[in-house]
Structure formats: structure tokens, C-alpha cells
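The values are calculated or read from the model by the stated rules, or taken from the named source; none is laboratory data. It should be emphasised that the depicted structure is a prediction, and the values quoted were computed from it without experimental measurement. Cβ atoms come from the backbone with ideal geometry, glycine included; neighbour counts cover every protein chain shown. Side chains included, ligands, DNA and RNA excluded: accessible areas come from the protein's heavy atoms. Shrake-Rupley method; radii C 1.70, N 1.55, O 1.52, S 1.80 Å.
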Amino acid sequence: MSRQMQMQAPSVPKAKQGAETDGPMTWEWVEASIWTERMLTALGNGVKGGKWFSLIDKVHSEQTLAVAWQKVAKNRGAAGVDGVSIDVFKANANKYLYELREDLQGGKFQPHPVARVHIPKAPGKTRPLGIPVVKDRIVQTALKMVLEPIFENEFLPSSYGFRPGRGCKDALREVDTLLKEGYTWVVDADMAGYFDSIPHAPMLSRVQEKVSDGVVLELLRRFIENDIVEDTKRWTPTSGTPQGAVISPLLANLYLHPLDKLITERGLRIIRYADDFVILSRNQQEAEEALAVVQQWVSANGLTLHPDKTHVGDCSQPGQGFEFLGYRFEAGVRTVRHKSLMSLRDRIRQKTRRNKGASIEMAIVELNPTLRGWFNYFKHADARIFKSIDGFVRRRLRSIGRRQIKKKGGTGRCLNDHLRWRNAFFTELGLFTMHEARIALVSQS
């Protein structure tokens, strides 16, 4: 196969059907026990007054809570502040679900505080994650199943994050298409601490525009104003919705929906994944005007743009590219963001530590799922990165080999190591190699 064929980008598959394509009657993701054919027809045609009443009975119905529990159990997750894990809840599921339904019907339900932990985000950085108790996750899931179709019917195609039938690859595909059509001037915007800073009152007002069930609204209010516990500290948040809460992504999308509409109505192209978005235009003037509109809207809605991570540039020119969902787009080339590459290298190092005592064969078994998953996401990046990663992986494995034959030190770079553990040796052991996977991908496209 020619080098040109190896290096060319494979064709990007067509977009899959989004949640908004043909209207509510075609949605297969809705919970049928809640959203009957009659309700979906009403949703498509528009309800009287534009608002939905009497939804709480659908939230606490036995069928809804049972389905919500199944979804929560499937997602696993840690126990909350009450210490009740998925396995403990499962052993007493009928009892717990009965209690939950009784509390909801009687208006006695009160969420438990949310446990806050910090998970790694980048070298030296973390992001907060909220862990509600299992019961609260079930109620939030029930609320989401009831409310999501109402707002999905309003959301625009430009929003891709945490929506049924849509995802990162769809957003990246749209960016790629627009760049090829000449929309190379970009507003690359970054909101500072978005999930922690959404004002509560305006967020609930967005919900009230479509929902008039007072009990449902009170449930939502209790969830977003719920206490947070971290170590020995406990406080009541005055803004934000916890990352990790089931209902948070829907509320986050709902709060930014007016921005989507504002930008789209001006004839500009916004691609948004939760709080991460870019606006693409054909010239500098449009881009600068778009940034001004965003800055004004963000300020008026209690949010803040990160001053060092928001810029306008012509990404067709070297040095003026932008990063979006792990990729970097610059000068007509789609590469992997440096942070994403460093994160992969850190994971490879973790799985190939010489002091783990694992054999090369065991290390390959542990590595392969990580390598395959990373390649499946970044397979449309510039091909040169894949040979570099493959070489790094083999060097790490050769270092393991050196320890097994009791050779001190070394990084797997010397000629003797290459001769002792040739590339074909790792292929025979089943090591996944990105370079070969890319060649196969190109040949199929």
C-alpha cells in the first residue's frame, strides 16, 4: 500500500439520525409507559398554553420507578452519603422502591446531601463530582424520563452533548463539514466553571416555561439546592447543578438553549457539546460580532467566559487553530489535542509499570482495550500520530521484558532490545497497533 494511502484521512461516516429529526412520533428512546402515543402526538402538535400539567403521577408511578431503578443499577456508581451501594439496594429493591413511591406520593420525599469528590482532570488539576444516594439517582432518572422529551422537542440540532442519538462524533463531524465549506473563522469559547455557576432561579424559570406541575418543580428545586458534603464540610449551594447528578446534563442544556437560538437566528453556526462550544463563520467581522453577542448574553445570564481560553482566529492559518472535544483543528489538519495525547501516555505508563510484576503478555491484555478505545475516537486525526504511539507502547513493553530477564534500567530503545523483541513479536502476541488499524480503515473507506 502506498504511503499516500496510509496518510490520507479516511472518509467520515454520515451522521446518524438525531433526536430531533422527524418529530416525537419517531422517537424510540422515550419510555413508552410514560410517553404514550397520545402524549407524543400532543407534544408534536403543541399542548394548549404551551405548558404541561399533572406530570408528578408519571414520576412516581410503579412502572417509572422500576425502569429508573434498572437504569441506575446498570450505570453502577458509588454509594452516596447513606452508604447504600447498588448491591445493597438490589438486595432490598422492592422494599426501597415501595418506600420511595410512598414518600413521593405523600410529598415527604427529601433528597439526601450530595457527596462531593474530586477526580483527576489534567496533571495537577481535578474537577468536582457529585455522588447522590441511590434513591435520589432513581428519582432524578424518573424526572429525566418524564421531562426530557418536552425539552428535546425544543432543542436545536446545534446542541450535541448528553442528548439521545447524538454525541461527540456527530459534533466533530459537523465541525469538519463546516470547515470544508469555508467556515474557517472561529469563536472558540470556554465558560469558567459552568456547572457550578448556573444561577438557580433563572434555571428553574426555563423549566417553568414548559412545565406547570408545582410538585415536579419543587422536586427539581430541592435537587439543585440540595446540600453538598465534602470531607467534614457541609454547605448549601446558591448556584450550579452538581456534575454527576442524573438531571444535571438536561438542565445544563436547557439553560444554554437560548444562546443556541440567539446565535442561530443571526445566521451563524454554533456547535455545542454541553458547555463546550465553537462558532464558525466565513469572515473575521462575523466572528467578532458573534463573540460580542456571546459575551453580552453570558454576562446577562450570570455566567463568565474564561478570558485566557476564549479567542477569535482564522483556523486555516498556522497558529490560529482551536481545540474541541479532544481534537485540534489548524491549517487544514485535524490532530489530537496535546492534553489528550499526554493523558493517553499517562494511562499507558500506568498499565506498563515495571514494578507491577506483570509479564509482557499480561500487559498487552490490559493495554489493548485502552488502545482500541482511544483509536476508535481519534481515528480521523492526522495519521502520523499513530506510529509515534505504537513506538511508545513497544518501548514500554520492552522495558518490562528487560526486567523479566533481569537487565537493569533501560527504556527499550537500544538495538539489542529491538532485536530481542522485534515488532513482529508483539504482533504475534496480539498487541493492537494504531498504525495498522489506520491502514485498514483507509482501505475500507
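So what's the angle, to the nearest 10 degrees on a 0 to 90 scale, between helix 360-378 and the longest Cα principal axis of the chain?
For 360-378 against the chain, the angle is about 60 degrees.
Once both labels are modelled 7 Å past Cα along the beta-carbon direction, what's the Lys210-Arg345 spacing in nm?
Those two pseudo-labels are separated by 4.4 nm.
Counting only protein chains, not ligands or nucleic acids, how are Cys414, Cys168 ordered by accessible area (probe 1.4 Å), most first?
So, going from the largest accessible area down, we get Cys414, Cys168.
Non-local amide H neighbours of Val229 (under 5 Å, H modeled in plane, Pro and chain starts lacking H): which ones?
Val114, Ala115, Arg116
Amide H of Trp52 versus every other amide H placed in the peptide plane: which residues, excluding those fewer than 5 positions away on the same chain, fall under 5 Å?
Those lying under 5 Å, H to H, from Trp52 are Val211, Ser212.
Let me know the charge dipole size of the chain about its Cα centre in debye, to the nearest 20, where only the beta-carbon of Lys, Arg (+1) and Asp, Glu (-1) is charged. Show your work: numbers first, answer last.
Details: 66 positive and 49 negative charges, 630 e Å.
Its charge dipole is roughly 3020 debye.
Mind listing the phi-derived Karplus ³J(HN,Hα) values for the stretch 271-281, rounded to whole Hz, using 6.51, -1.76 and 1.60 with θ = phi - 60°, and x for any glycine or proline?
The phi angles translate into 10, 10, 10, 6, 9, 9, 8, 10, 10, 10, 9 Hz.
Heavy-atom accessible area per residue, the chain, 1.4 Å probe: how many Å²?
50
Between the stretch 227-271 and the stretch 418-445, how many Å separate their Cα centres?
The stretch 227-271 and the stretch 418-445 have Cα centres spaced 43 Å from each other.
Just name one of Phe322, Thr310, Thr232: the one whose Cα is farthest towards the positive end of the charge dipole of the stretch 223-351 (beta-carbon charges, Lys/Arg +1, Asp/Glu -1).
Looking along the dipole axis, the top candidate is Phe322.
As I understand it, the value is the acute angle between the Cα axis of helix 434-444 and the longest principal axis of the Cα atoms of the chain; what does it come to in degrees, rounded to 10?
70
Tell me the label-point distance for the pair Val117, Ser299, using the 7 Å Cα-to-Cβ offset, in nm and rounded to one decimal.
Label-label distance for Val117 and Ser299, simple model: 4.1 nm.
What's the local net charge at Asn283, with K and R +1, D and E -1, over the other residues with C-beta under 12 Å away?
That sum, taken over residues with Cβ under 12 Å, equals -3.
Any chance you could run the full-extension gain for Arg420 through Lys90? It's 0.36 nm times the residue separation minus the Cα-Cα distance, nm to one decimal.
113.6 nm
For the full complex of protein chains and a 1.4 angstrom probe, list Lys108, Lys95, Lys144, Lys356 by accessible area with the highest value first.
Ranked list, largest accessible area first: Lys108, Lys95, Lys356, Lys144.
Extending each Cα 7 Å along its Cβ direction at Lys387 and Asn368, get the distance between those two points in nm, one decimal.
2.5
Compute the long axis of helix 384-404 from its Cα atoms, compare it with the longest principal axis of the Cα atoms of the chain, and write down the angle in degrees, 0 to 90, nearest 10.
Between helix and principal axis, roughly 70 degrees.
To the nearest 20 debye, what is the magnitude of the charge dipole of the stretch 266-340 about its Cα centre, counting +1 on the Cβ of each Lys and Arg and -1 on the Cβ of each Asp and Glu?
Roughly 260 debye for the stretch 266-340.
In whole percent, and with a 1.4 Å probe on the protein chains, what portion of the accessible area of the chain is carbon and sulfur?
Carbon and sulfur atoms account for 49 percent of the accessible area of the chain.
Only Cα pairs under 8 Å and at least 6 apart count here; give the relative contact order of the chain as a rounded whole percent.
Computed value for the chain: 17 percent relative contact order.
On a 28 Å Cα-Cα criterion, which of the cross-link pairs Lys169/Lys261; Lys71/Lys108; Lys356/Lys379; Lys90/Lys125 come out too long?
Exceeds cut-off: Lys356/Lys379; Lys90/Lys125.
Only Lys, Arg, Asp and Glu count, each charged at its Cβ (+1, +1, -1, -1), so figure out the dipole size of the stretch 21-84 about its Cα centre, rounded to 20 debye.
Dipole magnitude for the stretch 21-84 comes out near 140 debye.
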